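Structure first, commentary second.
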Amino acid sequence: MKNEMKLSVQEILELDHFQQAKMVAGHNGRHRAVKWVHVIEVSDVSNLLNGDELILSTGVGWKSGKATLRLLVQQLIDCRAAGLCIELGKYMDEIPAEILRLADTHDFPIIVFHEEVRFVDITEGVHTLIIKKQYQMITDLEDYSRRINQVLLEAGPREKVLNMMHKQIQLPVVYLPKEGHPEIVSNKPAKEERALLDRVIKGTSEKSSIARQPIHIWSQSFAELMIIFETGKVTEFETLILDRTATALAQVILRELWIEERRKAKEADWIQKWLEGKHTEEQITRFLKEIKPGLKPERAVVFLLQTAGIDEESSNSTYLKVLLRSIFQEQGFFLLATAGKNEMVFILLDQRKEDSCKQRIHAGIRSMKKAGDIENYSSAPVKISAGTIVDKLTQVQSSYEKAKIAAAIKENIPLGMQEYFYEDLHIYRLIYALHEQEMLHEFVLDYLAPVLSYDEVHHAKLMNTLKIYLACNGSKKETAERLYIVRQTLYHRLEKLYELLGEDFMEPPKRQAIEFAVSAHEYLSGSSGNT
């Protein structure tokens, strides 16, 4: 049974005040909604109405002739008014046939009173009924929400929620998850249900109108909830029921994801041993087959997410796993995850054949940052790094080691660099290797000691000038612009640099060594700053 806060013209005709009234035109418009009653005695109403008003009038404003009345009726039709009620006798005796034909053409109800009526009684009665219907609808919605919240506490609530929704609105209800099987609840025989569901999925249900509500969690779409109307249109009450049910189903999905993630947490020990290279290819293949039959990844990469307050037992860890799993599934990856102290490790298994793995990981990272959801589960900045993309599952250990090196490098490199992959850190990979062998500091001093000493004694800016000059490939004009200094000042600094580093410092291979030393100095500065 429909529950709608707006009255229909037909319902108003059944009120006591309309027992002597007669509908003389627009009989097919009896279903028109009435959200208010308005008394109008003027002929120009185009700026006075919002739509769905039932107009009451004595006709005093149009007694001059049928042309004025025709203009008024056309305006009411254009303004989507619900209908027109006219009191005949005092100012006009009948409605011209031409006006009646116009109303019939547009299914616009015209109702006449042959006796004097009190418009104040009509407006009071109709408005009282509208308010009662509004109150009843709110009461029904609150009762529905209360009952649905009770169901959410029970086991297997999704099917119960869908059945409750169908029982409330008495219309076919369809649930289409992104993953899994679609469901339909209706009063139809099973064969008709399957046919209707098939048409909805294929988008060939032309004879039915459909109200849709996507079910989102963390800005990701997990399912879609639908109401199917084979006749009539969606009411405001049904729209509200659809919205509240979708919210309830989002809670059901979130709980299911949570339970699934807790189950997967038990696999963490096995995954950790995989990252340490302790499993054979046969063992890995068997493990993947058990957790997801048919999974045959084309390639893999290890993805690190580091932030404070994360460990295997924290609720934030579980939520982050659920969030990242949904984001990267959209990009074609199957995720396995484990967590340690302030770190989460994800093995991204690429299920797509096209070699666009790196681009899709970047797209996933952009989605994470765009949604802004990660910061909600961390009290500190989130750091992201990725290892090398490997073609064999036994090489995941190598990708993991490279991801850890990338994370260590990113601790010390300039903040402006946004690279995530180990392979994109270029010269910093060599700098890291030299630093690990304790050779880096000596190399920097071999090439930059005179400049560093000069800056320390004279509080000058020769190191920064050298860095920008090298970055601009020796262009004095561009260097001066980037340093925001005049050419003459730059010339004085360059003279000092040539004096300290030698006249050949811009000649290869010495220039290459100095460029390396400048980057290494920045790396060492970042390292000392972090300690």
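The values are calculated or read from the model by the stated rules, or taken from the named source; none is laboratory data. Quick caveat, the model's predicted, so the values are computed rather than measured. For neighbour counting, all protein chains shown are included, and Cβ atoms are generated from backbone atoms with ideal geometry for every residue, glycine included. Surface accessibility is based on the protein's heavy atoms, side chains included, excluding ligands, DNA and RNA. Shrake-Rupley method; radii C 1.70, N 1.55, O 1.52, S 1.80 Å.
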So which strands (runs of 3 or more DSSP E) are wholly in region 281-369 and hold at least 1 residues that are at pLDDT 90 or above and within 19 Å of GLU419 (Cα to Cα)? 299-306, 343-350
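Of all the strands (runs of 3 or more DSSP E) wholly in region 1-114, which have at least 2 residues that are more than 30 Å from PRO172 (Cα to Cα) and open to solvent by less than 60 Å² (accessible area, probe 1.4 Å)?
By residue number, 21-25, 53-57, 83-87, 110-113.
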Only one of these conditions is not met by GLU438: (1) within 21 Å of ILE413 (Cα to Cα); (2) assigned to a helix (DSSP H, G or I). Which number is it? (2)
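Is it the case, given these coordinates, that ILE413 is in contact with an Asp or Glu (Cβ under 8 Å, 6 or more places away or on another chain), among the β-branched types (Val, Ile, Thr) and over 20 Å from CYS357 (Cβ atoms)? I'd like the intermediate steps shown before the answer.
Details: in contact with an Asp or Glu (Cβ under 8 Å, 6 or more places away or on another chain): yes; among the β-branched types (Val, Ile, Thr): yes; over 20 Å from CYS357 (Cβ atoms): yes.
Yes, satisfied.
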Residue list for region 385-408, restricted to those being among the β-branched types (Val, Ile, Thr), touching a residue at least 40 places away in the same chain (Cβ under 8 Å) and not in a strand (DSSP E or B): THR388, ILE389, THR394, VAL396
List the pairs whose first member sits in region 32-56 and is on the phi < 0 side of the Ramachandran plot, whose second member is open to solvent by 10 Å² or more (accessible area, probe 1.4 Å) and among the small types (Gly, Ala, Ser), and whose Cβ atoms are under 7 Å apart, counting only residues at least 6 apart or on separate chains? ARG32/SER8; ALA33/SER8; VAL34/SER8; GLU41/GLY61; VAL42/GLY61; SER43/GLY61
Can you confirm whether LEU69 is under 25 Å from GLU115 (Cβ atoms) and either in contact (Cβ under 8 Å) with a residue 12 or more places away in the chain or among the acidic types (Asp, Glu) (or both)? yes
Looking at (1) under 28 Å from GLU192 (Cα atoms); (2) outside any helix (DSSP H, G or I); (3) not hydrophobic (A, V, I, L, M, F, W, C), find the lone condition where GLU238 falls short. (2)
How many residues does region 160-170 hold that are modelled with pLDDT under 90 and either touching a Gly at 6+ places or on another chain (Cβ under 9 Å) or surrounded by fewer than 17 Cβ atoms within 10 Å (Cβ to Cβ) (or both)? 1
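Would you call ARG429 in a helix (DSSP H, G or I), within 20 Å of SER519 (Cβ to Cβ) and modelled with pLDDT under 95?
Yes; evaluated as a whole, the condition is true for this residue.
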